[in-house]
Structure formats: structure tokens, C-alpha cells
1. Would you call Met46 in the same structural domain as Ser116 (by TED's automatic domain parsing), at pLDDT 90 or above and in a helix (DSSP H, G or I)?
2. Out of the residues in region 69-80 that are free of Cβ contacts under 8 Å to residues at least 24 places away in the same chain and assigned to a helix (DSSP H, G or I), which is nearest to Val91 (Cα to Cα)?
3. Is at least one residue of region 81-98 part of a loop (DSSP other than H, G, I, E, B), out of contact with any Asp or Glu (no Cβ under 7 Å at 6 or more places or on another chain), in the same structural domain as Asp44 (by TED's automatic domain parsing) and within 17 Å of Val64 (Cα to Cα)?
4. Looking at Ala162, Ala157 in this structure, which one is of a type outside the set (Val, Ile, Thr), modelled with pLDDT under 85, in contact with a Lys or Arg (Cβ under 8 Å, 6 or more places away or on another chain) and surrounded by 15 or more Cβ atoms within 10 Å (Cβ to Cβ)?
5. So which residues in region 241-262 are under 16 Å from Asn55 (Cβ atoms) and aliphatic (A, V, I, L, M), if there are any at all?
6. Among the listed residues Val114, Val133, which satisfies the condition of being surrounded by 16 or more Cβ atoms within 10 Å (Cβ to Cβ), at pLDDT below 90, in the same structural domain as Val40 (by TED's automatic domain parsing) and more than 18 Å from Leu291 (Cβ to Cβ)?
7. Checking the conditions here, which among Val199, Val184, Val173, Val188 is β-branched (Val, Ile, Thr), part of a helix (DSSP H, G or I) and over 26 Å from Thr102 (Cβ atoms)?
8. Take Leu96 and decide whether it is farther than 23 Å from Trp238 by Cβ and touching a helix residue (DSSP H, G or I) at 6+ places or on another chain (Cβ under 6 Å).
Amino acid sequence: MTTEQGPAIGRVTAAIVTVAAMLPYLTLKILWLTGSSVGVTEPDLMNDAAMVGLNAMTFGMDAVGLLLVVAFTTRWGMRLPAWLVLLPLWVGTGLLSVVTVTAPILVATDGIAVFSGGAIEAWVYMMVYGGFVGQGIGLMTTFVLYARDRWPAIFTARLGHAFPGPAESFQRVVAWGALLVTTVVAGVRLSWTFGAPAVAVVMDGFKALLALAGAVAFVAVVRRRGNSPFWRLLVPVWLGSGSLFGWGLYAMIVSSAGGPLAGGGSGAVGLVELFGMLTGLVMGVSGAYVLAERSGVGDVQPLEEPLEGDDRDGDRQAAYHGHR
């Protein structure tokens, strides 16, 4: 009789660091939602209905992330439905990956002045984005350690492993179509960087490159050629598609809500965000089927058939021995 093994110290440590990075942001959101104007140069800003709704939404998003991090350190967290783990992590890491890379670059080049001049005080941006960087690194680390224990086949499978699925032809069409649309979206984003302020150059430039890297990697994944580890291509696909969908969805919500943050969400900008969101969604759905196929790679099931004779149940017991 075996007992279920608890999480290793590395996963617990990463989770603690991640929760610590989340708490300042969650505290700030609670203060704003309860009427405080801390860190705001225009107190009426947080009383705007659109801002209240957006603050509630972003608080909820971070709270979901906190609950997932806690779940990653528990035994019951290993039994959560896969979609309940992967969907919010896909969106969350897609959003945070951009901030995790771009925020340190902007602060290193322009200092705290990059955040000055708005209705929010500069120290708030430093605290929030510093927390986002910690969240991004910690959340991705905790999730990888969790996924390595729950879905080990993903980390041991090779890219060229032969297992043609029923949707292989469709996946290739989707992958090439996603690459085409992403190339256009990324090209438009890169065109915005010419003559733009430093923040726009870094943010739009990285979003474009990350999305393009994800689309190229997705084509390589569905073609299934080569003997490199599958997870190396999964990372850019995951982050690229998650970034396209997450940032596109966020822009659509902000534009629809109206209020002080709604500027710039219409016209060409809105179309780019919309097509980016839809392309990221298609890549994510198709990628979910690829993951479902890959999750069985390396399992003992393909070895059972040759070992089975007339007494199939008895032979199956022997084949399973040592693999549970």
C-alpha cells in the first residue's frame, strides 16, 4: 500500500514567494474598492463605475492566481480537473510574461520616471509592476514543478514521436493559418514602434515577437519533425498564444467598459487586438488537443496488446506490474 507523496520543498518555496508577491497588489485593490484613494492623484478616478468594475475584475484575476498557487502545494490540487488548472494559467502567464520581461527593461532604461505623469503615483506602478515580475517568475516556476509531477510524459516526450491523431490534418491547417494572421498582427504592432515612446516600443515590440515565436513554434509542433524535447517548443506556443488571447481580451474589455482607460481601443488598434485575441484562442484550443494526445506518450498502454493472450485480464495485470 502506497501513500500519496506531498510536494517537494522547491515547489512549496516557489509558491510562498509567489503569494508574497501577490499580496501588495491584492491589498491595493481592496483599498481602492473600499473607497480609498491611496496612491491616486485624482481621487474621483476610483469612483468611476468603469474603474470600479475593472478593479474588481483584476482583483478577481489575481485572487484566482493565488488560489491556484496554493492548490499547487496540496494533494487535492493534483486532482483538480485539467481545464480548471490550464485555462487560467494559460491566460495568466500570457499576460504576466509580457510584464515580467518588459518592466525591468523600462525601469533599467528610464528609471521610475517611466511611470510618472499619470493619475496614479509612480511608486504605485513600481510596487505593482515589481509584484507582477515576482508573480510571473514565481507562478511559472511553481506551475512547471507542479506539471512535471502531474504530467511527466509532456517533459519526456520527443517532438517527432509518431502518434498521428484524428485531427492531425486540421491542426496543420490551423497552425499555418494562425501563423499567417499572427505575422500580420505582429507586423502591425512592430510598425507602431517607429517613433513611439519607449514604453510603446518595448511593450508592442515584445508582444509582436512573442506572438510570432509562438505561431512559428506551433507549426513545428503539429508537423512533428525532429527529435528535440517537446516541451521546448511548448513553452513559446503556450506563452505566445496566451499573450495574444489574454492581452487582446483585456483590451476588448477595457474598450467596452469605457471610462478613463478606454482610449485607443477603437479603429486599427481595436482590430489588431480583436484578431490577436481570436488567433490566440484558436491556437489555444488546437493546442489543447495536441496536449491531450501528447499526455499519453510513453505510457505502457501500447505494450499491452502483444502481451495479451486469451486471458486478457490476467495478462493485463502482469503488464501493469511496476508501472503504477
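1. Details: in the same structural domain as Ser116 (by TED's automatic domain parsing): yes; at pLDDT 90 or above: no; in a helix (DSSP H, G or I): yes.
Taking the combined requirement at face value, the residue does not satisfy it.
2. Kept after step one, since they are free of Cβ contacts under 8 Å to residues at least 24 places away in the same chain, are these residues of region 69-80: 71, 76, 79-80.
With the extra rule that they be assigned to a helix (DSSP H, G or I), the set shrinks to 71, 76, 79.
Values: Ala71: 17, Trp76: 22, Arg79: 21 Å.
Only one residue fits best here, namely Ala71.
3. Filtering region 81-98 down to residues part of a loop (DSSP other than H, G, I, E, B) leaves 81.
Now restrict to residues that are out of contact with any Asp or Glu (no Cβ under 7 Å at 6 or more places or on another chain): 81.
After this cut, where a residue has to be in the same structural domain as Asp44 (by TED's automatic domain parsing) as well, the list is 81.
Next, from what is left, pick out any that are within 17 Å of Val64 (Cα to Cα): 81.
Yes.
4. Numbers: Ala162 fails: surrounded by 15 or more Cβ atoms within 10 Å (Cβ to Cβ).
Criteria check complete, one pass: Ala157.
5. The answer is Ile253, Val254, Ala257, Leu261, Ala262.
6. Numbers: Val133 fails: at pLDDT below 90.
Only one candidate qualifies: Val114.
7. Values: Val199 fails: over 26 Å from Thr102 (Cβ atoms); Val184 fails: over 26 Å from Thr102 (Cβ atoms); Val188 fails: over 26 Å from Thr102 (Cβ atoms).
Of Val199, Val184, Val173, Val188, the one residue that is β-branched (Val, Ile, Thr), part of a helix (DSSP H, G or I) and over 26 Å from Thr102 (Cβ atoms) is Val173.
8. Working: farther than 23 Å from Trp238 by Cβ: no; touching a helix residue (DSSP H, G or I) at 6+ places or on another chain (Cβ under 6 Å): yes.
So Leu96 does not fit the description; no.
The values are calculated or read from the model by the stated rules, or taken from the named source; none is laboratory data. On a predicted model such as this, the values are computed, not experimentally measured, just so you know. Quick reminder, even Gly has a Cβ in these numbers, built from the backbone with ideal geometry, and neighbours come from all protein chains shown.
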